[in-house]
Structures are given as C-alpha cells and as structure tokens.
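Have a look at the structure below before the remarks.
The values are calculated or read from the model by the stated rules, or taken from the named source; none is laboratory data. Remember, it's a predicted structure, so these values are computed and weren't measured experimentally. Please note: Cβ atoms are built from the backbone with ideal geometry, for glycine as well, and neighbour counts cover all protein chains shown.
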Amino acid sequence: MADGLQAGSEGQVRAAVREHYGQIAERGGGGDGCGCGPDCCSPGSVVQIDTITGLYEDPEVSNLPAEVTDLSLGCGDPVTLASLEPGQTVLDLGSGGGIDCFLAAAKVGPAGRVIGVDMTPAMIDRARRNKAKVGAENVEFRLGEIEHLPVADNSVDVAISNCVINLSPDKAQVFREVYRVLKPGGRLAVSDIVTDGPLPDAVKQDLAAWAGCVAGALDVTDYVAAIEAAGFSDVTLTRSYWDQQMIDEAVAELSPEVVGQIRLAEERGIEPRTAVFSAKVTARKRG
C-alpha cells in the first residue's frame with residue numbers, strides 16, 4: 001500500500017502522469033492541459049509570463065525566454081524558499097522545462113551546480129534545449145524517477161521541488177531518497193499541494209486528477225509525518241490558499257464523478273479553498 005493506493009496501481013499513476021506531462025512538453029506550453037497550483041488552466045489557455053512573475057519573488061524569472069516560462073507548472077517559488085548560496089549543489093525533483101533549475105543556477109553561480117531529474121523523456125529533451133538557449137553551463141538534466149533518484153549518496157546541499165512530490169504514488173520513498181542524496185546538514189525546500197483532511201476515494205482513484213495534482217495530495221499532517229519519518233528535522237510548513245477562481249478552474253478539469261464528490265463535500269461543510277492548498281515546506285537532514 002502506498003498513499004492509499006494498491007501497489008499494483010502505482011505504475012498506472014506514473015504512466016498517466018508521464019503521458020500528461022509528455023504531451024505538455026511536446027506542445028511547448030500549457031495548451032489544453034494543466035499542471036499544479038495557480039497555473040492550472042482552463043481549456044485552451046496558456047501560462048503567461050505575467051502569471052509566472054506573480055508566482056515568483058525572484059525578478060530574474062522575467063528574463064527567461066518564453067520556451068522556459070511557458071512550461072512552468074508549479075505552485076510556488078522553491079528557489080527563493082531555499083535561500084541558495086554560491087557554490088552549492090542543488091537537486092530539482094521533477095524539473096520539467098527547467099525554470100527552477102535555471103533560477104537556482106544563477107544563485108549558486110559558476111562554482112555551483114544544479115541537477116534536474118524528471119521521469120518524462122519529452123520534458124528532459126525540452127529542458128536540455130532550454131539549457132542551450134539560456135546558456136546555463138552549470139545545469140544538467142537526468143532522466144529518472146524521484147522515487148529512485150539517479151544521484152549519489154550525500155552529494156547535494158539543497159533539494160528543491162515545485163508541485164511534483166504530490167504526483168508520486170509513494171511519497172515516503174521520495175523523502176527517503178532525498179534524505180539519502182543530501183549531505184549531512186543539507187536542506188529540503190519544496191512547494192507542493194497538500195490537503196487539510198482526506199480526499200474522497202473517487203478523487204484518489206481518478207488518474208486525470210492525479211496528473212492535475214489534486215488526487216495525489218496528502219493530508220498536511222501525513223505529509224509532515226512522512227518527511228520526519230525519513231529522518232528530517234526542523235520541518236516547517238506555511239500554507240498558501242488559492243482564490244475561488246483558481247479552485248473553479250481546477251475543478252473544471254476533473255471527471256463528473258469527482259466533481260460530484262467535491263460538491264457533496266461542500267454540502268457537508270468542507271470548503272475546497274481551504275481543503276486543498278499550496279504549502280511551502282522546509283526541512284534539514286540531520287548532521
């Protein structure tokens with residue numbers, strides 16, 4: 001059992017997520033699908049640069065080319081959250097088109113390096129093309145699953161992730177892997193989607209909802225517990241709620257059965273705006 005799913009369905013979840021994000025990579029932008037958080041789009045929309053600059057505190061994001069920003073599918077700004085320093089080695093879990101890798105690369109400078117890991121071949125191809133366009137020599141992209149990171153033990157100073165860990169059907173394994181690759185005293189800094197209370201079973205089993213970051217979200221208490229169980233200390237979590245329009249757009253992407261479950265939850269007094277939210281999470285590997 002992993003996060004409430006039968007073990008045999010983990011491959012189905014990964015396949016659905018890989019197909020979803022592979023299509024986005026091949027289209028070159030949001031298109032008629034969506035990723036996570038406030039960028040979840042209504043049919044036919046594309047993430048625009050003004051949306052991205054609103055999501056990130058770092059003004060450097062506005063200097064990145066559209067080929068990079070159009071593939072941003074995150075729900076926060078883990079690079080600012082990480083407080084990176086020159087010379088550090090940074091790992092980005094689920095690096096997508098590379099936006100957070102390129103922002104991190106500027107922070108760590110020529111003496112540092114950034115490793116992006118993504119399980120979608122089409123995203124890796126796009127990210128490598130984006131690297132050439134941006135000229136980020138201290139960035140590399142590796143194909144792999146975040147549950148089985150292609151990264152050496154004790155080799156990373158900071159691990160970041162932007163609305164990706166919620167997509168994994170085995171989040172506990174992800175945190176164990178991050179703990180393995182971090183150096184003693186290394187830090188985790190992620191933006192992710194979590195819930196305040198369990199989601200209905202219909203949402204948990206809807207593969208389209210998994211790809212849209214909703215069904216895969218853990219309860220906030222379980223999320224923190226999984227990080228601590230991996231060995232991390234000093235775990236902090238800050239909540240960031242979406243506005244109602246963003247919730248409506250996300251719900252519009254789900255199946256009728258899932259929407260019905262959400263409406264039933266509303267009738268029982270569960271408010272979607274606070275039941276599902278973006279979280280800023282930091283933790284430290286014990287030294």
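S72 versus (1) within 24 Å of T238 (Cβ to Cβ); (2) of a type in the set (S, T, N, Q); (3) modelled with pLDDT of 85 or more: which is the lone unmet condition? Single failed check for S72: (3). Just for region 151-168: of the residues that are within 14 Å of M119 (Cα to Cα) and not small (G, A, S), which one is modelled with the lowest pLDDT? By that ranking, first place goes to L167. Pick out the one residue from V156, V178, V190 that is under 21 Å from I124 (Cα atoms), more than 16 Å from the chain's Cα centre (by Cα) and not aromatic (F, W, Y). That would be V156, the only listed residue that is under 21 Å from I124 (Cα atoms), more than 16 Å from the chain's Cα centre (by Cα) and not aromatic (F, W, Y). Listed by position, the helices (runs of 4 or more DSSP H) inside region 74-151 whose residues that are touching a residue at least 24 places away in the same chain (Cβ under 8 Å) and more than 23 Å from S62 (Cβ to Cβ) number at least 1 are 121-134.
Reported count of residues in region 152-180, each being closer than 28 Å to P86 by Cβ and either without any contact (Cβ under 8 Å) to a residue 60 or more places away in the chain or crowded, with 17+ Cβ neighbours inside 10 Å (or both), is 19.
In this structure, G260 does not qualify as assigned to a loop (DSSP other than H, G, I, E, B), over 25 Å from T120 (Cα atoms), out of contact with any Leu (no Cβ under 8 Å at 6 or more places or on another chain) and modelled with pLDDT under 85.
Among the residues of region 41-69, the ones that are in a loop (DSSP other than H, G, I, E, B), modelled with pLDDT under 75 and either buried (at least 22 other Cβ atoms within 10 Å of the Cβ) or not small (G, A, S) (or both) come to 5 in all.
Select from region 129-167 the residues that are of a type in the set (S, T, N, Q), closer than 23 Å to K280 by Cβ and in contact with a helix residue (DSSP H, G or I) (Cβ under 8 Å, 6 or more places away or on another chain) and list them in ascending order. Walk me through how you get there before you give the answer.
Quick first cut of region 129-167, residues of a type in the set (S, T, N, Q) only: 130, 138, 154-155, 161-162, 166.
Keeping just the survivors that are closer than 23 Å to K280 by Cβ gives 161-162, 166.
S161, N162 - these are the residues of region 129-167 that are of a type in the set (S, T, N, Q), closer than 23 Å to K280 by Cβ and in contact with a helix residue (DSSP H, G or I) (Cβ under 8 Å, 6 or more places away or on another chain).
The set of residues in region 109-135 that are surrounded by fewer than 20 Cβ atoms within 10 Å (Cβ to Cβ) and among the aliphatic types (A, V, I, L, M) comprises A111, A122, A132.
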